[in-house]
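A short write-up of the structure that comes next.
The values are calculated or read from the model by the stated rules, or taken from the named source; none is laboratory data. Only a predicted model underlies this, so the values are computations on that prediction, with no experimental measurement involved. Heads up, the Cβs are rebuilt from the backbone with ideal geometry, glycines too, and the neighbour counts pull from every protein chain shown.
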Amino acid sequence: MKNALGYEGKTVVLTGAASGMGASAAHLLVDLGAEVHALDIGDVTAPVHRSIRTDMKNRASVDAAIAELPAEIDVLFNCAGVPHPPASALDTMMINFVGLRHLTDALIPRLREGGSIASIASTAGMAWKSNLETVQSFLALETFEAAAAWLADAPDLKADPYGFSKQCIIVYTQTLAGELARRGVRINCISPSPTASDFMSKLTKEIPEEAITPFFPSNGRFAEPEEMGRALVMLGSDLACFVSGVNLPVDFGYCAEVAMGQRDNLMNIT
Ligand SMILES: NC(=O)c1ccc[n+]([C@@H]2O[C@H](COP(=O)([O-])OP(=O)(O)OC[C@H]3O[C@@H](n4cnc5c(N)ncnc54)[C@H](O)[C@@H]3O)[C@@H](O)[C@H]2O)c1
């Protein structure tokens, strides 16, 4: 079966294309024949159709990108994200979730039937169930301004704004699945385990690597960005044409081991 993934001639929008998992996905999508429109604050070197410099934490910048994007889209990949630290709690939430949601909500009406959305959450967001009420109260805030004001007044969040940003992606993904199914559009996310990207280099300058290794899968290593990019491209593709509302751990079985009581539940996954 030729073009089994279905990307040949498809219009794809991808954030975070400059580096890491997003760059890897961008290269693969171009190879598979997609017309890729890349959004990133940094320089995109993948041979994409078009690159639009965008700051996901700045509403005007995201709106300007939205105005430049095609009227019809097949697949949206949300890959841009930052670690906390070094990013501030507010920037982490605004980039990782608030900007992502603003872009996604704006592009949903442009998604063709049969299209899909695939975002990058994290195993750090897997405790979403025990925090569902707080996540849903945050999701109820519709504007950048309301989100920023809520975050400024949420001291509990400051402990783990990164985990909260990823819980928001997982809950948002599941919340939209039914509504989008009625239009024949899918929405999913992946939750990667620790991955050796620029993100990780920044994080390990702030916290020791020994604090990360307990979250490795039992294969005992960081994932490579390509290993995440491939899973993401698969989830957004026609091969996954009946898969929606799913948060797929891409962690070589880490979450499965926790669920089976074979590993300590360090992230309070329920
Ligand atoms: N590396 C990990 O261990 C890990 C684990 C789980 C999830 N994630 C998530 O994976 C995604 C990809 O990260 P990565 O590991 O490939 O890191 P990366 O740093 O290589 O890539 C992140 C991309 O986001 C872009 N970006 C950052 N701030 C931006 C902004 N304000 N506006 C627009 N673009 C911006 C960067 O320029 C870069 O291209 C992120 O959402 C991250 O939270 C990473």
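Structure notes:
- LYS10 vs. criteria charged (D, E, K, R), away from the ligand (no atom under 13 Å from the Cβ) and surrounded by 22 or more Cβ atoms within 10 Å (Cβ to Cβ): yes
- ALA106 meets all of the listed conditions (1) surrounded by fewer than 18 Cβ atoms within 10 Å (Cβ to Cβ); (2) within 16 Å of the ligand (Cβ to nearest atom); (3) farther than 15 Å from LEU76 by Cβ but one, namely (3).
- Restricting attention to segment 163-209, the residues that are within 15 Å of the ligand (Cβ to nearest atom) and either surrounded by 16 or more Cβ atoms within 10 Å (Cβ to Cβ) or assigned to a helix (DSSP H, G or I) (or both) total 29.
- Only a single criterion out of (1) farther than 16 Å from SER88 by Cβ; (2) surrounded by fewer than 12 Cβ atoms within 10 Å (Cβ to Cβ) is not satisfied by ALA159, namely (1).
- Counting the residues of segment 11-45 that are assigned to a helix (DSSP H, G or I) and either aliphatic (A, V, I, L, M) or farther than 20 Å from LEU235 by Cα (or both) gives 7.
- SER19 meets each of the listed conditions (1) within 29 Å of ALA146 (Cα to Cα); (2) surrounded by fewer than 22 Cβ atoms within 10 Å (Cβ to Cβ); (3) near the ligand (Cβ under 9 Å from one of its atoms); (4) not hydrophobic (A, V, I, L, M, F, W, C) apart from (1).
- Given (1) touching a Leu at 6+ places or on another chain (Cβ under 7 Å); (2) surrounded by fewer than 24 Cβ atoms within 10 Å (Cβ to Cβ); (3) closer than 18 Å to LEU232 by Cβ, number of the condition VAL48 does not satisfy: (1)
- Any chance SER61 is modelled with pLDDT under 95 and more than 25 Å from ARG186 (Cβ to Cβ): no
- Entry remark, segment 228-256: residues being outside any loop (DSSP other than H, G, I, E, B) and either touching a residue at least 60 places away in the same chain (Cβ under 8 Å) or over 13 Å from THR123 (Cα atoms) (or both) number 19 in total.
- Pick from segment 72-89, criterion of a type in the set (Val, Ile, Thr) and outside any loop (DSSP other than H, G, I, E, B), ranking: surrounded by the most Cβ atoms within 10 Å (Cβ to Cβ): VAL75
- Listed by first and then second residue, the pairs with beta-carbon distance under 9 Å, at least 6 apart or on different chains, first residue in segment 214-227 and more than 15 Å from HIS27 (Cα to Cα), second more than 10 Å from the ligand (Cβ to nearest atom) and of a type in the set (Asp, Glu), are PRO214/ASP264; PRO217/GLU257; SER218/GLU257.
- Test: residue in segment 229-250 that is out of contact with any strand residue (DSSP E or B) (no Cβ under 8 Å at 6 or more places or on another chain), surrounded by fewer than 21 Cβ atoms within 10 Å (Cβ to Cβ), within 17 Å of GLY163 (Cβ to Cβ) and not aliphatic (A, V, I, L, M): no
- Of all residues in segment 60-76 being under 21 Å from ILE120 (Cβ atoms) and touching a residue at least 40 places away in the same chain (Cβ under 8 Å), the one that is nearest to the ligand (Cβ to nearest atom): VAL62
- Taken over segment 22-45, the criterion of being within 15 Å of PRO225 (Cβ to Cβ) and surrounded by fewer than 21 Cβ atoms within 10 Å (Cβ to Cβ) is satisfied by HIS27, LEU28, GLY42, THR45.
- Whichever residue in segment 28-49 is touching a strand residue (DSSP E or B) at 6+ places or on another chain (Cβ under 9 Å) and touching a residue at least 40 places away in the same chain (Cβ under 8 Å) and, among such residues, is farthest from the ligand (Cβ to nearest atom): ALA34
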